[in-house]
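Values quoted throughout were computed directly from the atomic coordinates according to the rules given, and no laboratory measurement underlies them. The structure displayed is predicted, hence computed values, not measured ones. All Cβ positions, even for glycine, are placed from backbone atoms using ideal geometry, and neighbour counts span all protein chains on display.
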Amino acid sequence: MPANEQTETYETGTQLNELAFYGLAGAPKSPRDLISECRDGEELGFGSVFLSERFNIKEAVTLSGAAGAVTETLGIATGATNSNTRHPIVTAAYATTMHRLTDGRFALGLGRGIDRMFDAFGMPRITTAQLEDFVGLMRRLWKGEVVFGHDGPAGKWPVLALDPSFDEDIPMMFTAFGPQSLALGGRAFDGVILHTFFTDETLQRCVQSVKQAAEQAGRDPAAVRVWSCYATIGDWIPEDVRLKKTVGRLATYLQGYGDLLVRTNQWDPTVLERFRADPFVAGFQGALDAKATTSELEHVATLIPDEWLAPAARGTAEHCAAAVLGQLDLGADGVILHGATPTELAPTIAAYRAIRPTGRFDHLSANPAGR
């Protein structure tokens with residue numbers, strides 16, 4: 001295609017509301033890095049930034065406030081925080097503050113969390129019933145309702161109230177994995193975040209599960225945006241860093257909740273057993289993507305089949321861009337380019353703009369769960 005025709009077909013400056021990135025991907029050295037990442041991401045045209053939460057220097061409330069303060073068009077979502085780590089009034093007030101601070105660019109994203117971590121911290125595990133109850137409370141509080149004597153799965157409180165003048169419509173997202181979570185996402189949330197290293201078949205099945213649950217609940221399936229979380233690691237990134245972002249990241253998932261990931265992807269569970277039984281893995285303290293050396297990760301790579309690492313965008317910028325568009329063709333409403341900073345993703349974005357279908361995503365808002 002001649003250059004002048006490409007310019008007419010593809011708007012190079014358009015905000016790409018179907019694409020997002022994760023802020024502070026991996027184990028950042030400083031939370032201040034998020035400021036430049038958000039500015040860079042907005043300049044490149046990303047639609048939104050997702051903020052995961054870890055109990056170290058990645059506390060979600062602080063990070064989302066910083067992201068909102070240094071951007072003008074970028075959507076912002078917690079992807080994800082938990083419903084049981086803050087009082088519901090604190091969470092509801094936080095979301096309202098972010099909603100107004102960003103002129104509606106914020107989505108409150110929740111997740112179940114990791115059971116073993118909650119057990120260690122003495123916090124109750126999060127159930128499907130608790131999450132659904134919590135979502136209902138948030139929506140009532142944002143509409144200015146005073147909730148008296150709530151006694152439900154999410155908890156028991158004499159009075160819950162924000163401001164009777166409130167009439168807020170704040171989108172909510174859910175990080176979903178298993179069948180119950182996918183169904184909950186479809187019937188109760190405005191957006192669903194899937195997991196990294198999902199096979200094509202798993203992605204399609206999960207999207208269908210969410211949309212079907214939405215329809216069964218009397219909702220518009222198209223109004224629930226399902227996001228693929230897609231490792232995007234181009235070959236211009238140094239090899240040792242690529243190893244950390246691919247092998248190290250997947251190995252860390254296998255450490256934390258390998259059974260669920262293997263079961264969801266319908267992979268061979270005996271491979272996971274061999275991975276866990278390896279003396280190095282069994283004796284390793286901490287997350288492999290954060291603590292393991294390059295030589296250690298090279299050993300870990302011998303324990304993970306190539307097919308398990310295949311659900312990712314790798315290679316040239318053109319290959320990465322085509323793979324990202326492929327996720328959308330498989331049924332995802334959006335793709336979070338996971339594991340890399342906006343500047344690391346710049347070549348992929350440039351290549352993606354060259355193949356982006358005209359008009360296909362014009363209806364999407366920057367808010368990643370916005371209608």
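Which value in Å does the Kirkwood hydrodynamic radius of segment 240-311 take, with 1/r averaged over all unlike C-alpha pairs and then inverted?
By the Kirkwood definition, the hydrodynamic radius is 12.1 Å.
Test of understanding: extend the Cα→C-beta vector of F166 to 7 Å, then name every residue of segment 172-204 with backbone N under 17 Å from that spot.
Backbone N within reach: 172-173.
In terms of the Cα gyration tensor, with a ≥ b ≥ c the square roots of its eigenvalues, is segment 45-182 rounded because a/c is under 1.5, prolate because a/b exceeds b/c, or oblate?
oblate
Measure off 7 Å from each Cα along the Cα-to-Cβ vector at D362 and V241, then give the distance between these two points in nanometres to one decimal.
3.7
For labels at K29 and K143 in the simple 7 Å Cα→Cβ model, what's the distance in nm?
5.0
Beyond 16 Å, what share of the Cα-Cα pairs of segment 299-371 remains, rounded to the nearest whole percent?
58
Given N residues in segment 36-123, what is its alpha carbon radius of gyration divided by 2.2 N^0.38 Å?
For segment 36-123, the normalised Cα radius of gyration is 1.13.
³J(HN,Hα) across segment 226-231 via Karplus (A = 6.51, B = -1.76, C = 1.60, θ = phi - 60°), whole Hz, x for Gly/Pro?
9, 9, 6, 9, 10, 4
Which entries in the list K29/K211; K211/K291; K58/K245 go over 29 Å, if you measure between the two C-alpha atoms of each?
K29/K211; K211/K291
Separation of segment 113-143 and segment 10-79 by C-alpha centroid, Å?
Cα centroid to Cα centroid, the span is 24 Å.
Kindly provide the chymotrypsin sites (Phe, Trp or Tyr not before Pro) of segment 48-95 that DSSP labels as loop, not H, G, I, E or B, and whose Cβ sees at most 13 other Cβ atoms within 10 Å.
Sites meeting the loop and neighbour criteria: F55.
Can you pull the percent of Cα pairs in the chain with separation above 30 Å? Mind dumping the intermediate values first?
Details: 25455 of 68635 pairs.
Of all Cα-Cα pairs in the chain, 37 percent lie more than 30 Å apart.
Dipole magnitude of segment 240-311 about its Cα centre, charges +1 at Lys/Arg Cβ and -1 at Asp/Glu Cβ only, in debye to the nearest 20?
The calculated dipole for segment 240-311 is roughly 240 debye.
For a quick check: sort V61, V192 by the number of other beta carbons within 10 angstrom, fewest at the front. Provide the component values of the computation, followed by the final result.
Details: V61 18, V192 29.
With the sparsest Cβ surroundings first, the list reads V61, V192.
Under the rule of -39500 (n - 2.57) per DSSP H run of 4 or more residues, summed and divided by the residues of the chain, what mean residue ellipticity at 222 nm is obtained, to the nearest 500 deg cm²/dmol?
Only helices count here, giving -13500 deg cm²/dmol.
In percent, how large is the relative contact order of the chain, given Cα pairs closer than 8 Å and 6 or more residues apart? It would help to have the intermediate numbers written out before the result.
Numbers: 684 pairs, mean separation 78.0, N = 371.
After rounding, I find 21 percent.
If I model a spin label at Q285 and S36 as a point 7 Å from the Cα along the Cα→Cβ vector, what separation in nanometres do I get?
Label-label distance for Q285 and S36, simple model: 3.3 nm.
Tell me, R263, R353 in order of fewest to most beta-carbon neighbours within 10 Å? Please report the intermediate quantities before stating the final value.
On the way: R263 14, R353 18.
The most exposed by this proxy come first: R263, R353.
From the phi angles alone, apply the Karplus equation (6.51, -1.76, 1.60; θ = phi - 60°) to segment 204-209 and give each ³J(HN,Hα) in whole Hz, x where the residue is Gly or Pro.
Working through the residues one at a time gives 4, 5, 5, 4, 4, 4 Hz.
Would you please state which residues of segment 238-272 a label at T293 would reach in this model, taking the label point 7 Å out along Cα→Cβ and a backbone N cut-off of under 19 Å?
239-245, 247-249
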